[in-house]
Amino acid sequence: MVDKTQASATQFTPACFFKFTTETQRTRSFFGIASLLNHLLSIKLTTFQCRYKSNAAASIGTTKFNLYLCAMKKQIVIAIDGYASCGKSTIAKQLAKRLGYIYIDSGAMYRAVTLYFLQNNIALDNTTQIETALANINIDFRWNETARFAHTYLNNQDIEQAIRSKEVTQNVSKISAIAQVRHFLVAQQQLIGKNKGIVMDGRDIGTVVFPTAELKLFMTADINVRAKRRFAELQTKGIEMSLEEIKINLAERDHLDSTRTESPLRKADDAIVIDNSNLSPTEQLDIAVLLAENRNK
Ligand code: DC
């Protein structure tokens, strides 16, 4: 059983998602009769669910019951796109936790491919080498109890720290502009989100990966604010990069990401823009929750 709040040690592989869905569908039928009651009791259930979730941490029984409650609500897809370091993953993680949804950091998948390409000296102009490399790449996410979030794994290795390195950060935009890389990852992302109940953040989620997502957010923030936030984040991780270096890297990545030929970063026509330059994480989460609940009806 995959715990949709990510509070388990289960690996998030496509196979697990299918297993989860089958169980969810069974749950949905089980609660078929209860749907009318659910309608009448929705306020009570939601309140209970929230209170219940705050204690959610561990027991399997708790998780299962929480899942049953989630299964009674319509599941939607939430696509979050935006510029580098503008708080996409913060809002996406918190929103997923609040809704009991799966959270997928699509940027981590591009970073994982970049790491593999760097480690194996893949020539970026050699189609055959790229295709062979992609065939040897297996990415999945596994819950890390200490960090309290899912770590990215590449071929069974925890690469969560390695993919945040300066080298990967400086090469990722170039490698994610390669059409084969995008096709390879977009197919996996679509498979993971096939059964909804997912929050995914990235650059092309609302435009290419899930063009029919029920809720699309486009995050933006002033580049100076973004650089300062990134600087503080890297400091806590012990990664040395000056504020100026970070600012240059952000601007370069934004430029490359939005001007590439293959699925460039752009706001989907139906996306809602959130400029969080002057918003706290709680304030932006409140906005997102309100929007999600509105689409979830
Ligand atoms: O979200 P991030 O900064 O970790 O993403 C790293 C890079 O991956 C980003 O500069 C562009 C690329 N990316 C992409 O092209 N498409 C996505 N859906 C997500 C990330």
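Please treat every number below as a calculation from the coordinates, not as lab data. The structure presented is a predicted model; accordingly, all values stated were derived computationally and were not measured. Cβ atoms come from the backbone with ideal geometry, glycine included; neighbour counts cover every protein chain shown.
So what are the ³J(HN,Hα) numbers for the range 201-210, from phi and the Karplus equation (6.51, -1.76, 1.60; θ = phi - 60°), rounded to whole Hz, Gly and Pro as x?
10, x, 10, 10, 6, x, 9, 10, 5, 10
If you plug each phi of the range 193-198 into the Karplus form 6.51 cos²θ - 1.76 cosθ + 1.60 with θ = phi - 60°, what whole-Hz ³J(HN,Hα) values come out, in order, with x for Gly and Pro?
Calculated HN-Hα couplings, in order: x, 3, 9, 6, x, 9 Hz.
By per-residue mean of other Cβ atoms within 10 Å, what is the highest-first order of 217-223, 273-279?
Details: 217-223: 20.9, 273-279: 15.4.
The densest-packed peptide leads the list: 217-223, 273-279.
Quick one: what are the phi-derived ³J(HN,Hα) couplings along the range 79-86, Karplus 6.51/-1.76/1.60 with θ = phi - 60°, whole Hz, x for glycine and proline?
Ordered by residue, 3J(HN,Hα) equals 9, 10, 10, x, 5, 5, 6, 10 Hz.
Hey, got a sec? Which GluC sites (Glu not before Pro) in the range 209-293 land in a DSSP loop and have at most 10 other Cβ atoms within 10 Å?
On the way: sites: 214, 233, 240, 244, 245, 252, 262, 283, 293; in loops: 214, 240, 262.
Those that pass, being in a loop and sparsely packed, are 240.
Using modelled amide H (1.01 Å from N, peptide plane; none on Pro or chain starts), what sits under 5 Å from the amide H of residue 215, excluding residues fewer than 5 places away?
77, 79
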